[in-house]
Structures are given as structure tokens and as C-alpha cells.
1. Which of the following residues is at pLDDT 95 or above and assigned to a loop (DSSP other than H, G, I, E, B): 202, 228?
2. Kindly indicate which of 236, 215 is out of contact with any helix residue (DSSP H, G or I) (no Cβ under 7 Å at 6 or more places or on another chain) and touching a residue at least 24 places away in the same chain (Cβ under 8 Å).
3. Checking residue 181 against (1) surrounded by 17 or more Cβ atoms within 10 Å (Cβ to Cβ); (2) part of a loop (DSSP other than H, G, I, E, B); (3) within 16 Å of the ligand (Cβ to nearest atom): exactly one of these is not met. Which one?
4. Take the residues of segment 198-219 that are under 18 Å from residue 132 (Cα atoms) and within 16 Å of the ligand (Cβ to nearest atom): which is farthest from the chain's Cα centre (by Cα)?
5. Kindly evaluate residue 244 against the criterion of being within 16 Å of the ligand (Cβ to nearest atom) and either in a strand (DSSP E or B) or surrounded by fewer than 19 Cβ atoms within 10 Å (Cβ to Cβ) (or both).
6. I need a count of the residues in segment 142-155 that are surrounded by fewer than 13 Cβ atoms within 10 Å (Cβ to Cβ), within 14 Å of the ligand (Cβ to nearest atom) and without any contact (Cβ under 8 Å) to a residue 60 or more places away in the chain.
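The values are calculated or read from the model by the stated rules, or taken from the named source; none is laboratory data. Model, not experiment: these values are computed from the prediction. So basically every Cβ, Gly included, is an ideal-geometry build from the backbone, and we count neighbours across all protein chains shown.
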Ligand SMILES: [Zn+2]
């Protein structure tokens, strides 16, 4: 319990086919609220930060908040760096104490991606940390990383060679998923998850989770997606909750920041809890 390596957090979910939400936080309020939801739901939780958040808050301040807020926590939680193409940011976060990183070299040719991922895995292991890898960019820009062009998928044999060579702990394949809000219901290649997992049993990270249907989540999780990333849904909840509160504050001409924070926190806790229920992680930390 408490801060736990990513591989340990994902072992049981992968085995028993449920998933742990991996939620991108971007400030103290969202960090505190998702941790509170994990405690309330007795659920494991993966907290993620984008490179943009690491830059805007600072890795030292972010990690100090993480340390303070997880001290004595009674559910398994882990801190993960989301999509990071920059090796120096990976090193910086590993030095601070992040538990895992997603080295995103998907823009590089697979050979070069593989060569560098091997190095990142060795670097992370020295810190007792884990690595998520990818060979195809996930469609859509997220916090300044990525592209809107639909990702090209590699052959299964290339994916398997990448997994065997790099020994990454989690794999993030492109399956028709996308970052941001889906403009129309996505058509997913769920079979690809099954194909990868049956050939090489590694927990799969599902990116672009915001906006998939409950049915799509259940199907993908049953095939081995044990880490489900949620970023856009939290940002929307956070911004809309602020907006609703501020509209009322304007009408009533009452300007009380702590009441704003309480309302927004409640909505973030509620969203996080509902994801834990949906993904089946609720009650698993008891
Ligand atoms: Zn992603």
C-alpha cells in the first residue's frame, strides 16, 4: 500500500482483467482530489503528469506535493510521466522519484525508437522505475505532444520485436483510439489488443480513454488493457465545474475562492470515482 511500483499496481488487474485509471493531473487540487477518490473507493490509482505540467509546475514542486499528499495513504498509488519524447525530462523526473515514464519516441523510425527505449529502460531500472513504450503515435495532440494525423499501425511482428527487445513494462499500441474529444464514435481494433497480449503477455495502456463508451471500455479491459488513461474528461470536468461556479458567483456577487475549490474538488472526486467503478478497480485495494 502507499506508493507502489507501476508493475505491481498493474499485475493483478492484468491477471484478473480489470483496469486502473491513469489520470492526468495538472495542479494541487486535481492531485489531491484524485487521491481522495482512490481512498474513498479503496482503489489503486495511477497519477500521471504531462511534460507540460512538469514544466508549468516544476518537477521539484510537483514531486514535493506528491510526497506530502501520499504520505500515509492506504491504497496503492504510483506517479507516472505521460508521453515524453525528451530524454532530459525523463531523467529529471526519474531523479525526482517518478515511478514510471512513457518514453514517446513514436515519431522516430522503429529501429531508433527501439535503440533509445532500451537505454531508457536501463536508466529507469537503475531508479527502480518502470517504462511504458509505444511505436505508433496515438492520434491527436495532447498538452503539446503528438499530431492530428491518424497513426499508422505497425505489423504485429514489429510490435512483438519491440516488446522482446526493449522489455518495456507496459505497451501503448494504436488501435484507432485518439487523444482529445472524439468527433464521432471511434471504430476500435480491439482484436489487436488480444493479438498482442496472447503473443506477449504485457499490460496494455489504453490512451484516448475520454469519450469511449462503457461497452468499449469493458471489452478492451477484458482483452488486457489494464491501464486506462484519462486526461480530456478530467480537464473538461474541471473547467466546466469552475465555469458553473463562477457564473453563479457573478449572479450572486459572492466571490469566495474556498467555495469554488470545494465545488470543483467534489466534481473531480466524483468523476474519478465513477471511472473506478466502471473499470472495476473499486474495492480492489481493500
Ligand atoms: Zn496518450
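1. None of the others qualify; the one that does is 202.
2. Details: 215 fails: touching a residue at least 24 places away in the same chain (Cβ under 8 Å).
Checking each option against the conditions leaves just 236.
3. Exception for residue 181: condition (1).
4. Checking each candidate, the answer is 203.
5. It is false that residue 244 is within 16 Å of the ligand (Cβ to nearest atom) and either in a strand (DSSP E or B) or surrounded by fewer than 19 Cβ atoms within 10 Å (Cβ to Cβ) (or both).
6. Of the residues in that region, 1 qualify.
Condition check ((1) within 30 Å of residue 173 (Cβ to Cβ); (2) touching a helix residue (DSSP H, G or I) at 6+ places or on another chain (Cβ under 6 Å)) across all residues:
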site	(1), (2)
198	yes, no
206	yes, yes
229	yes, no
247	no, no
254	no, no
262	no, no
268	yes, yes
